[in-house]
Structure formats: C-alpha cells, structure tokens
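Bear in mind these aren't lab numbers, they're just calculated from the coordinates by the rules spelled out. For clarity, every value in this text was computed on a predicted model and none was experimentally measured. Positions of Cβ are backbone-derived with ideal geometry, glycine not excepted, and every protein chain shown enters the neighbour counts.
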Amino acid sequence: MLFDDDPRDIRKKDFIERMRRRKSGELLGALAEKIAAWEKGEADAADVFKAAGYAARKGETMIADFKKRPDVILAGIAMDENRYITSLGNIGIEVRLADITEVFSDAIVIPIDPDGAVSTGPGDLATGNVIHAAVNNDSGGITAGSVTEALAAALKEAEELEAETVTVPGLGFVDGGIGAKESAAAVVKAVENHSGDSVTKVLLVDIAEEVVAAFEAELEKRDEE
C-alpha cells in the first residue's frame, strides 16, 4: 500500500504537502494583497477580478498536479526547477537555484567548523538527515582542498546512512571562504571522486545565483572534455 511503512515514501508525502501549502499560500497571498489594495482605494475592482480569475485557473491546475503520484509530482518539480542536468560517473547531477530546505532528498549537507562529518536528525525538515561537514582546515581557514575533503567525508557519511539523494550547496562560499568558482570546482571534484553503492544522485543547490552559475560552468566544462 502506498506510504504504508516506507519512511522515504512518508517523507515524500510530507514534503509534497509542504510544497502544496507553500504554493497555495503564495497564490492566495497575492490575491489577498490585491483585495487589500482595492479596499484602500489603490486598485480597481476589475484588477481584483482579473487576479481572482488568475488565481482560480492556477489553483485548479495546481490541485490537479498535486493529485498525481508522488514520484510524478517530484519529477515535475525537478523538470521545472533544474538548471542543468548531467552525471559524474554513476552519480546523476542536478543544479538548482533554490533553498536547500525546499528540495526533497535523503540528506542535505551543511558546512560547519569541527573536524569530520556528523549527521543529525532532520528536525522539522522533510529530508532524511542533515550532514554537518567541516569545511575549515586545520588552520581555521577554508580552501578548495578543505571543501573537497569535507564533502568527501559527507558523502561517505551519506553512504553509511544509505542515502540515495544528497543535496549540496556551495560549501566554500561562506563568510571567510573562497569564491563561487573555486567552491563549485571543489564540490564537483568531491562528487567526481566519490565511489559507493548508495548515493545515486547529488543535487547542487544554492540560493546564490553566482554559486549556481559556477556549478553550471564547472559541469559544462567537464561535459566538454
């Protein structure tokens, strides 16, 4: 039975429900703002009716989309949001401009200071685990080498957790860190060097356009080689 006991399927259902509520809120919020503007005399009634019609049409489409099977819904989201798709060895790669908490995966990697890579529970996130990866080197700085080592350790931890999909931001692109281009190259190098049986997909996701563009450029360069 669908979503019976499988924890991953349950997380998919939870993630999709959160996504449905967020998208509904965005749609209804925009309509509410238009109505509020009309009440203040700042918008014409025709504009409100036009916004209501748009919300109704989009809402009907959204409702229909969210009635589909979970895997179909997630595939549709990926199709809409992916900026670049490729593979490194046996690992599929997808690049997105998004918050890592808004992407479905079995684990997300977060940069921290201590040595090694440690996993914790997801808290309120729909992801399976949060892997805290130490991006600082022994001197406390962040280098391309320390980023690659940190992600290598994180991916090894993901294998221990039997995670299939892992979400990774620009780990070196933090305060006191390295540039987006160098960070992207370090992250991609770690994924390229990884070998294991569990991880089959890595999502390179960041809210910074500069980082996402650097991911794209680095992967395009490898695809052209």
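When only Cα pairs under 8 Å and 6 or more residues apart are kept, what is the percent relative contact order across the chain?
19 percent
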Subject >> Label-point gap, in nm, between S87 and A43 - each point 7 angstrom along Cα→Cβ >> reply: 4.7 nm
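Stretch E159-A36 to full length: gain in nm at 0.36 nm per residue minus the Cα-Cα span? List each step's numbers first, then the result.
Values: separation 123, 0.36 × 123 = 44.28 nm, distance 5.10 nm.
Using 0.36 nm per residue and subtracting the Cα-Cα distance, I get 39.2 nm.
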**OP:** Just name one of L27, I63, A45: the one whose Cα is farthest towards the positive end of the charge dipole of the range 7-67 (beta-carbon charges, Lys/Arg +1, Asp/Glu -1).
**Re:** I63
Original post:
Any idea how many Lys pairs in the range 34-193 come in under 28 angstrom at the alpha carbon, given 8 or more places apart or on separate chains?
Top reply: 11
**OP:** Measure nothing fancy, just the Cα-based angle from helix 180-193's long axis to the longest principal axis of the chain, in degrees from 0 to 90, nearest 10.
**Re:** 70 degrees
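At 222 nm, what helix-only mean residue ellipticity would the chain give, in deg cm²/dmol to the nearest 500, using -39500 (n - 2.57) for each DSSP H run of four or more?
Working: 6 runs with 113 residues, N = 225.
Computed ellipticity for the chain at 222 nm equals -17000 deg cm²/dmol.
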**OP:** Using the Cα centre as the reference, give the magnitude of the dipole from point charges on the C-beta atoms of the range 7-67 (Lys, Arg: +1; Asp, Glu: -1; all else neutral), rounded to the nearest 20 debye.
**Re:** 560 debye
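Of all trypsin sites (Lys or Arg not before Pro) in the range 46-98, which ones are in loop regions per DSSP and have a Cβ with at most 14 other Cβ atoms within 10 Å? Intermediate values should be presented prior to the final figure.
On the way: sites: K50, R57, K58, K67, K68, R83, R96; in loops: K67, K68.
Taking the range 46-98 and a limit of 14 other Cβ atoms within 10 Å, the loop trypsin sites (Lys or Arg not before Pro) found are K67, K68.
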Original post:
Using unit Cβ charges (K, R positive; D, E negative) and no other charged atoms, how large, in debye to the nearest 20, is the dipole of the chain about its Cα centre?
Top reply: 960 debye
**OP:** Classify the range 83-224 as rounded, prolate or oblate from the Cα gyration tensor: take a ≥ b ≥ c as the square roots of its eigenvalues, call it rounded if a/c is under 1.5, otherwise prolate when a/b beats b/c and oblate if not.
**Re:** rounded
**OP:** Considering only I85, I77, I35, give the residue with the highest GNM mean-square fluctuation for the chain, with springs between Cα atoms whenever their separation is below 10 Å.
**Re:** I35
Original post:
Which of rounded, prolate, oblate describes the range 7-67, given a ≥ b ≥ c as roots of the alpha-carbon gyration tensor eigenvalues and a/c under 1.5 marking rounded, otherwise prolate only if a/b is larger than b/c?
Top reply: oblate
Subject >> Selected from E159, E182, E33 as most flexible by GNM, with the chain as the system and alpha-carbon contacts under 10 Å >> reply: E33
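How much of the DSSP bridge set in the chain is antiparallel, in percent, rounded to the nearest 5? Don't skip to the end; give the middle numbers.
On the way: 11 of 29 bridges.
In the chain, approximately 40 percent of DSSP beta bridges are antiparallel ones.
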